[in-house]
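Following: one structure in structure tokens, then a few remarks.
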Amino acid sequence: MYSKTHSATLEGINAQIIEVELDSGGGMPGFNIVGLASKSISESKDRVRAALESSNYPLDAGKILVNLIPAHLPKEGSHFDLAIAATLMVNHGYINVAPQLLASCCFFGELSLNGKLKQIIGLLPLALQAQEAKIKHIVVPYDNRNEASLIKLASKSNSEIYAINNLFELQSLIEAIDRGNNEVLQQYQVPVLDRTKLQSKTKPNRDLSEVIGQEQAKRGLEIAAAGGHHVLMIGPPGCGKSMLANRFIDLLPALSFDQALELTKIYSISGMSNGDLMLEPPLRAPHHSASNAALVGGGSKVKPGEVSLAHNGVLFLDELTEFNRHSIEQLRQILEDKSININRIRQSLRFPASFTLIAACNPCPCGYLGDTVKPCSCSPRQITNYLGRLSGPLLDRIDMHIELCRLDYDQIKTLNRRASGSTLIKNSSLTETCKAKIIKARQFAKQKSQGLVLEQSELEFMDKAILNLDLSARSHQKILRLARTIANLDASEFIRVPHLAEALSFRAIDWERYRK
């Protein structure tokens, strides 16, 4: 007996609808799955058989053949279990409906040996693809119901989404669909969220005012947040680099719905989603010992890396010079393309990676090169090798280079008084004040900005800068983009000389002061 239904397989952060054909009947007993199935799908026959038998749906001793279409496309995932089980239950008469009904359904779910459905990863892109394909009925595990509730927010499809716990409920659901029993269907329907009621969660109480001094760095981060510029901070240990980076994320506005949905899809396929829509920009801070696959993505079973998990948010690389050089050199193309392509023999997968890079490092291995108080203990060769890990092409792609200095005596005294509680210096509104300016600057950029247009005096200023500073074409464009963001913060339609001068100050680290 022949029957057909649907499931899907992941392709990057998107999915491809798969037709699941099943033929059962006479012949030599066997259970085979064909169509470039992965190991996890090939093992489905054992999980499905055990789940059916433990639920009192035993299979006949005959030939069972499952075909996954299209045959040339690699398929991955244990979520095909439910589609295979549904076709078998119809073929064996356990579900009393016509086989044609299954053609209007799409099933996602991994079966345990006792017939219960387990939560799966990647449901959001899988079910979104089924909805876009106008499949009428989508069935998911009950434990994925929160994630499934996001699906109908993305489009106005007529698809109905149902969440079930086990094979008994699968039988009840399909028979209710066939008979149009709305009372039963309502028990399994996933509720639709109201988009207008979605709110971002309360953020941790971290404020820029907690960082003593480093006013230029704070200004630099404000500019970076307003224009999405990448930042490299270099300075001695304990000067506030990590504190600044960890507070930068709170300067960013909440994500739009489309941005939040795309980010949630990435976390869904990574198995890191809790089912809620991710409305806040993410902050990812991988350790410098992270492997290449962990940082940029890949592996034997391809998954997004930290650059994709930071999409629409911030990637903080502390101790940048300690990262594997091959890994950080791959950032060069990612920073330009805002995505990464991972190629395999049978497929090429694209993952988005549009993030703001905040990097930090010391000026030398001991950290005190150029320090005015503590002498550096590194040899010239050690310093050359250390700073040589940051290639020119990579530095050229980082918009802002910011030097931080050690705190002076008065600033350290301020820290001591704050720690003892003898004085309250913290301005808890500093981050919110900067954030309000950033939101206005972004709105101004959309409505009144005149782009990178320069008038005569500004052209002459840049001509001198190019001549005196030996700027590359990329550096020239980076400075213009920085100046445009600074102009937006000042609500200026045109870029002026002070905007260009400030932009230049963030592109030229005085490396001479580090030389012995």
With +1 on each Lys and Arg Cβ and -1 on each Asp and Glu Cβ, and nothing else charged, work out how big the dipole of the range 2-196 is about its Cα centre, in Debye to the nearest 20. 160
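Ranking request for peptides 51-60, 237-246: highest mean number of other beta-carbon atoms within 10 Å first, then the rest in descending order.
Details: 51-60: 16.8, 237-246: 19.8.
Order by mean packing, descending: 237-246, 51-60.
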Within a Cβ distance under 11 Å of Leu150, other residues only, what is the Lys/Arg minus Asp/Glu net charge? +2
Considering the options Val97, Leu261, Ser157, tell which one lies farthest towards the positive end of the dipole of the chain, charges being +1 on Lys and Arg and -1 on Asp and Glu at the Cβ, about the Cα centre. Leu261
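Please list, by residue number, every one of the trypsin sites (Lys or Arg not before Pro) in the range 33-63 that is coil in DSSP and has at most 13 other beta-carbon atoms within 10 Å. Each step should come with its number before you reach the end.
Values: sites: Lys39, Lys45, Arg47, Arg49, Lys63; in loops: none.
Within the range 33-63, no trypsin sites (Lys or Arg not before Pro) qualify (loop, at most 13 other Cβ atoms within 10 Å).
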Rounded, prolate or oblate: pick one for the range 208-431, where a ≥ b ≥ c are the square roots of the eigenvalues of its C-alpha gyration tensor, a/c under 1.5 means rounded, and failing that, prolate if a/b is larger than b/c, else oblate. oblate
Are there trypsin sites (Lys or Arg not before Pro) in the range 125-198 that DSSP puts in a loop and that have at most 11 other Cβ atoms within 10 Å, and which ones? Lys134, Lys156
Taking every DSSP beta bridge with both residues inside the range 208-431, roughly what % is antiparallel (nearest 5)? 35
CD proxy at 222 nm, helix term only [per DSSP H run n ≥ 4: -39500 (n - 2.57); per residue of the chain; nearest 500]: -11500 deg cm²/dmol
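Rounded to the nearest 5, what % of the DSSP beta bridges within the chain are antiparallel ones?
50
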Give, rounded to the nearest 20 debye, the magnitude of the charge dipole that the range 264-322 has about its Cα centre when Lys and Arg contribute +1 at Cβ and Asp and Glu contribute -1 at Cβ. 360
Can you list, bin by bin at 10 Å, the percent of alpha carbon pairs in the range 2-196, starting at 0? 10, 40, 38, 11, 1, 0
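Which net charge results when you count Lys and Arg as +1 and Asp and Glu as -1 among the other residues whose beta-carbon is under 11 Å from that of Leu320?
Working: positive: Lys241, Arg325, Arg389; negative: Asp318, Glu319, Glu322.
Net local charge, Leu320 excluded: 0.
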What pairs from Lys265/Lys435; Lys152/Lys338; Lys435/Lys478; Lys4/Lys134 go past 18 Å between their alpha carbons? Lys265/Lys435; Lys152/Lys338; Lys435/Lys478
What does the charge count around Ile120 come to, taking other residues whose C-beta lies under 10 Å from its C-beta (Lys +1, Arg +1, Asp -1, Glu -1)? -3
Need one word for the range 448-516: rounded, prolate or oblate. Basis is the Cα gyration tensor (sqrt eigenvalues a ≥ b ≥ c); a/c below 1.5 gives rounded, then a/b vs b/c decides. prolate
With the charge dipole of the range 2-196 built from beta-carbon charges (+1 for Lys and Arg, -1 for Asp and Glu) about the Cα centre, the Cα from Ser24, Leu126, Thr5 projecting farthest to the positive end belongs to Leu126
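By counting other Cβ atoms within 10 Å of each Cβ, how are His72, His287 ranked from fewest to most? Please report the intermediate quantities before stating the final value.
Working: His72 8, His287 11.
With the fewest neighbours first, His72, His287 line up as His72, His287.
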Contour excess over end-to-end distance, with Cα ends at Asn165 and Gln443 and 0.36 nm allotted per residue: 95.4 nm
Mind giving me the nanometre distance, one decimal, between the label points for Leu467 and Glu493, set 7 Å out from Cα along Cα→Cβ? 3.1
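Full-extension gain between Val373 and Ser339, please, as 0.36 nm times their residue separation minus the C-alpha to C-alpha distance.
Details: separation 34, 0.36 × 34 = 12.24 nm, distance 4.31 nm.
Here the answer is 7.9 nm.
Can you sort Thr372, Thr356 by how many other beta carbons sit within 10 Å, fewest first? Provide the component values of the computation, followed by the final result.
On the way: Thr372 11, Thr356 25.
In increasing order of surrounding Cβ atoms, one gets Thr372, Thr356.
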Round to the nearest 0.05 the FRET efficiency obtained for Ser505 and Ser42 when R0 = 56 Å and r is the Cβ-Cβ distance. 0.40
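Values in this text are rule-based calculations from the coordinates and carry no lab data. Computed from a prediction, not measured in an experiment: that's the story for all the values here. So basically every Cβ, Gly included, is an ideal-geometry build from the backbone, and we count neighbours across all protein chains shown.
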